[in-house]
Amino acid sequence: MKQDIEIRVLEEAEYILKEKLTVRAVAKIFNISKSTVHYDLSYRLKKINKLLYDKVNKLLKFNLSVRHIRGGQATKLRYKKDKDKVKK
(Lines give C-alpha, C1' and ligand atoms only; values in the text may rest on other atoms or scores of the structure.)
Protein backbone atom coordinates (compact mmCIF):
# COMPACT_ATOMS: atom_id res chain seq x y z
CA MET A 1 0.00 0.00 0.00
CA LYS A 2 1.25 3.47 -0.79
CA GLN A 3 2.70 5.47 2.07
CA ASP A 4 0.37 8.45 1.55
CA ILE A 5 -2.71 6.20 1.71
CA GLU A 6 -1.50 4.64 4.96
CA ILE A 7 -0.95 8.07 6.48
CA ARG A 8 -4.44 9.20 5.40
CA VAL A 9 -6.04 6.07 6.87
CA LEU A 10 -4.31 6.55 10.21
CA GLU A 11 -5.25 10.24 10.29
CA GLU A 12 -8.89 9.39 9.57
CA ALA A 13 -8.93 6.72 12.27
CA GLU A 14 -7.39 8.96 14.91
CA TYR A 15 -9.71 11.82 14.00
CA ILE A 16 -12.91 9.77 14.08
CA LEU A 17 -11.97 8.39 17.50
CA LYS A 18 -10.96 11.76 18.91
CA GLU A 19 -14.08 13.62 17.74
CA LYS A 20 -16.58 10.70 17.84
CA LEU A 21 -17.87 11.59 14.37
CA THR A 22 -19.69 9.72 11.65
CA VAL A 23 -18.13 8.52 8.40
CA ARG A 24 -20.00 11.25 6.52
CA ALA A 25 -18.59 13.99 8.78
CA VAL A 26 -15.03 12.67 8.45
CA ALA A 27 -15.44 12.53 4.67
CA LYS A 28 -16.38 16.22 4.57
CA ILE A 29 -13.41 17.19 6.73
CA PHE A 30 -10.90 15.18 4.70
CA ASN A 31 -12.60 16.18 1.43
CA ILE A 32 -13.02 12.61 0.18
CA SER A 33 -16.05 10.43 -0.42
CA LYS A 34 -17.76 8.62 2.43
CA SER A 35 -17.23 5.37 0.53
CA THR A 36 -13.49 5.95 0.63
CA VAL A 37 -13.56 6.73 4.35
CA HIS A 38 -15.62 3.62 5.02
CA TYR A 39 -13.26 1.46 2.95
CA ASP A 40 -10.23 2.99 4.65
CA LEU A 41 -11.60 2.37 8.14
CA SER A 42 -13.15 -1.03 7.48
CA TYR A 43 -10.52 -2.75 5.34
CA ARG A 44 -7.25 -0.86 5.00
CA LEU A 45 -6.96 0.02 8.68
CA LYS A 46 -7.25 -3.66 9.63
CA LYS A 47 -4.08 -4.39 7.65
CA ILE A 48 -2.22 -1.35 8.98
CA ASN A 49 -3.08 -1.31 12.71
CA LYS A 50 -5.32 -4.04 14.16
CA LEU A 51 -5.62 -2.43 17.62
CA LEU A 52 -6.74 0.91 16.18
CA TYR A 53 -9.09 -0.93 13.82
CA ASP A 54 -10.83 -2.61 16.78
CA LYS A 55 -11.48 0.77 18.42
CA VAL A 56 -12.75 2.35 15.20
CA ASN A 57 -14.91 -0.67 14.40
CA LYS A 58 -16.58 -0.36 17.80
CA LEU A 59 -17.44 3.29 17.05
CA LEU A 60 -18.70 2.42 13.55
CA LYS A 61 -20.97 -0.26 15.00
CA PHE A 62 -22.31 2.23 17.54
CA ASN A 63 -23.00 4.77 14.79
CA LEU A 64 -24.84 2.07 12.84
CA SER A 65 -26.96 1.17 15.87
CA VAL A 66 -28.13 4.78 16.42
CA ARG A 67 -28.56 5.65 12.74
CA HIS A 68 -32.35 5.34 12.85
CA ILE A 69 -32.54 7.65 15.87
CA ARG A 70 -30.44 10.35 14.22
CA GLY A 71 -32.55 10.10 11.07
CA GLY A 72 -35.72 10.57 13.08
CA GLN A 73 -34.29 13.58 14.87
CA ALA A 74 -33.23 15.16 11.58
CA THR A 75 -36.69 14.62 10.09
CA LYS A 76 -38.37 16.10 13.15
CA LEU A 77 -36.12 19.16 12.99
CA ARG A 78 -36.76 19.61 9.26
CA TYR A 79 -40.53 19.51 9.68
CA LYS A 80 -40.34 21.89 12.61
CA LYS A 81 -38.40 24.39 10.47
CA ASP A 82 -40.91 23.99 7.64
CA LYS A 83 -43.79 24.55 10.07
CA ASP A 84 -42.11 27.71 11.42
CA LYS A 85 -41.71 29.08 7.86
CA VAL A 86 -45.40 28.59 7.16
CA LYS A 87 -46.39 30.51 10.30
CA LYS A 88 -44.39 33.59 9.24
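Quick notes on this one:
- Environment charge at ASP4 (Cβ cut-off 15 Å; Lys +1, Arg +1, Asp -1, Glu -1): -1
- Accessible surface, the chain, averaged per residue in Å² (probe 1.4 Å): 78
- Tail beyond 20 Å, pair distance distribution of the chain (Cα, percent): 42
- Against the main long axis of the alpha-carbon atoms of the chain, helix 3-19 sits at an angle near 40°.
- In plain terms, the C-alpha convex hull of segment 42-88 casts an average shadow of 4.3 nm² when viewed from every direction.
- Paramagnetic reach from LYS20 (point 7 Å along Cα→Cβ, amide N under 20 Å) across segment 46-76: 52-74
- Remark: the SER33-LYS85 segment gains 15.4 nm on full extension, using 0.36 nm per residue and subtracting the alpha carbon distance.
- Of all accessible heavy-atom area on the chain, the percent that carbon and sulfur account for (1.4 Å): 55
- The residues LEU77, LEU52, LEU41, LEU10, sorted by heavy-atom accessible surface at 1.4 Å with ligands and nucleic acids left out, run LEU77, LEU10, LEU52, LEU41 from largest to smallest.
The values are calculated or read from the model by the stated rules, or taken from the named source; none is laboratory data. Just so you know, these numbers come straight off a predicted model, no measurement behind them. Please note: Cβ atoms are built from the backbone with ideal geometry, for glycine as well, and neighbour counts cover all protein chains shown. Keep in mind that these areas ignore ligands, DNA and RNA; they rest on the heavy atoms of the full protein, side chains included. Shrake-Rupley method; radii C 1.70, N 1.55, O 1.52, S 1.80 Å.
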